[in-house]
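Everything on this sheet refers to the single structure shown next.
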Amino acid sequence: MRVYSGIQPTGRKHLGNYLGAIRHYVTGQEQAWAAGDEAIFCVVDLHATTVAYDPRELRDRTYDTVALLLAAGLDPERSILYRQGDVPEVPELTWLLTAVTAHGDLNRMHQFKEKSAQQRELVSAGLFLYPVLMAADVLAFRADRVPVGDDQRQHIELMRDIALRFNARFGATDGGEPREILRVPEGVYPTVAARVMDLQQPEKKMSTSSGSVEGTLYLLDEPKTIEKKLKRAVTDSENPPVIRRGPDKAGVSNLIDVLAAATDRTPDAVEASLQDARGYGDLKAATAEAVVALLRPIQERYAELRGDEAAIEAALAVGAEKARALARPVVADVREAMGVGPRRR
Ligand code: TYM
């Protein structure tokens, strides 16, 4: 059971990234370790170049993200942690996979529509091809499970389609089932907090690129900032206030989900525990307390790790070596099946 996931290098990872993805990387790492298989995690610096960005900052933001993943519990002894740009097999595979990717499918991607609308100067071809690079990330390792938040569903479906189409087109055997040259991966989504919402605009997901600073709980926010942002979180005007989830109660539902995820309880259990609360203030205070406690050890560990960039580079070099060793034979199989390059002996 091979596990794979990727994350963008931005210095300001938020609670949605943690509850929706990062904490499940750690679970995936432990499951793969127990099963004797690999868990592979990638900081996707090539993806970061698909929108306007500052090249002087990209490396630092990559270090920030690596330090955060290590602080959250990824262990290079137990999993492979690498930087996307260090593994050239992946962009090569991206190009090869464009042969079985429909232009129309890429055009339908929500993320492409949203992000292209935000670009002032240039909508890059890279932004359009983003999902193919993401498919190559996973398919290069024949991964089985991909822990991600709910916003990545469409990308995961596309990578499954690409793998299926590749096998059907290039794995054809005389009369039989096509060979599985590429593994068709499955997305794994959290049962709680798969989509953490912005505290100020609870109908929108918490996001570094499109959310509000006041509505986003960054993983490195000070406890006081977390308390303040939660105190000001938008709820609703139901009178008397009722702490329950519902489609008409986006803000309250989000706080219940966050509190449930942060304390490892079900949302139902959280609702029941707050039956006697006096109002939304109690829900906000309990959520702040739980989030501060959840993030404290990560913040402390991050502060220890982030300063040593040489150690981060050394860990990434080891990860890149291991990643390349796994990706190389897969890309060789793809080239062979596609008739690219010399025949293999
Ligand atoms: P990125 O860097 O935007 O987000 C990293 C992970 O965080 C999850 N996430 C959320 N989960 C819950 N609530 C939210 N508000 C929220 N916001 C973000 C994302 O679903 C993601 O799992 N395209 C990917 C990176 C990527 C990748 C991959 C992922 C590149 N290659 C291969 C998996 C496999 C992205 O931009 O994630």
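The values are calculated or read from the model by the stated rules, or taken from the named source; none is laboratory data. Quantities reported herein were computed from a predicted structural model and do not represent experimental measurements. Positions of Cβ are generated from backbone atoms using ideal geometry, with glycine treated the same way; all protein chains shown enter the neighbour counts. Surface accessibility is based on the protein's heavy atoms, side chains included, excluding ligands, DNA and RNA. Shrake-Rupley method; radii C 1.70, N 1.55, O 1.52, S 1.80 Å.
One table, with the values for the structure above:
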item: Most fluctuating residue given options 301, 120, 78, as computed from a GNM of the chain linking Cα atoms under 10 Å; result: 120
item: Between the stretch 268-288 and the stretch 303-345, the Cα center-to-center distance that results, in Å; result: 47 Å
item: Centroid-to-centroid separation of the stretch 70-91 and the stretch 20-45 [C-alpha atoms, Å]; result: 10 Å
item: The stretch 103-216, relative contact order in percent, only Cα pairs under 8 angstrom and at least six apart counted; result: 22 percent
item: Amide H within-cut-off set for residue 40, under 5 Å, with H built and near neighbours excluded; result: 3, 4, 5, 80
item: Prolate/oblate/rounded label for the stretch 242-345 (Cα gyration tensor, a/c 1.5); result: oblate
item: Among 145, 83, 245, residue whose mean-square fluctuation peaks in a GNM of the chain (springs only between Cα atoms under 10 Å); result: 245
item: Accessible surface of the stretch 223-303, 1.4 Å probe, proportion on carbon and sulfur as whole %; result: 51 percent
item: Solvent exposure of the stretch 1-143 as accessible area per residue, Å², 1.4 Å probe; result: 40 Å²
item: Reachable lysines from residue 229, criterion Cα separation under 23 angstrom, eight or more residues apart if same chain; result: 13, 204, 205, 249, 284
item: Cα-based shape type of the stretch 223-303, given that a ≥ b ≥ c are square roots of the gyration tensor eigenvalues and the cut on a/c is 1.5; result: prolate
item: At least 20 Å along the helix axis (C-alpha) and Kyte average at least 0.5, DSSP helices within the chain; result: 125-139
item: The chain: most fluctuating residue of 79, 253, 116 per GNM, C-alpha cutoff 10 Å; result: 116
item: Charge context of residue 84, other residues only, Cβ under 9 angstrom, K/R +1, D/E -1; result: -2
item: Most positive-pole-ward Cα, 242, 260, 290, against dipole of the stretch 223-303 from beta carbon charges; result: 290
item: Size of the chain as Cα extents on the principal axes (Å, biggest first); result: 74, 47, 44
item: Accessible-area composition of the stretch 1-87, carbon plus sulfur, in percent [1.4 Å probe]; result: 46 percent
item: Per residue accessible area of the stretch 223-303, 1.4 Å probe, in Å²; result: 53 Å²
item: Summed residue charge, Cβ within 14 Å of residue 242's Cβ, Lys/Arg positive, Asp/Glu negative; result: -2
